[in-house]
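Asker: Please find one structure pasted underneath; my questions will follow.
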Amino acid sequence: MGRLDPDRYLVTTLWTDAAAHARYAAGHLPALRERAGVGADIESPSGGLLPLEPTWRVLPATGQAQFGQA
């Protein structure tokens, strides 16, 4: 297997659904990209969808003692 370009990296985000991401990408992302000036730094952004395995979710405890408490 070949090596990836060292300037390549992965960014992940968590959205409730594809529609929520689409609203963010259309409504907020263009202005954020402009403010950050990433045009010269990002050559070709791409994306994909990775479904989460529901049984791997870790939810906060409710009504139970927190760590370090009796």
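Asker: When only residues in segment 1-38 that are aliphatic (A, V, I, L, M) and part of a loop (DSSP other than H, G, I, E, B) count, which is surrounded by the fewest Cβ atoms within 10 Å (Cβ to Cβ)?
Answerer: It comes out as Met1.
Asker: Search segment 13-40 for residues that are at pLDDT 85 or above and pair each with any residue that is surrounded by 10 or more Cβ atoms within 10 Å (Cβ to Cβ) when their beta-carbon atoms are under 7 Å apart and the residues are at least 6 apart or on different chains.
Answerer: Here the result reads His21/Trp15, each pair linking segment 13-40 to a residue that is surrounded by 10 or more Cβ atoms within 10 Å (Cβ to Cβ).
The values are calculated or read from the model by the stated rules, or taken from the named source; none is laboratory data. Note that the coordinates shown come from a computational prediction; the quantities given were computed from them, not determined experimentally. FYI the Cβ positions are ideal-geometry reconstructions off the backbone, even for glycines, and counts take in every protein chain you see.
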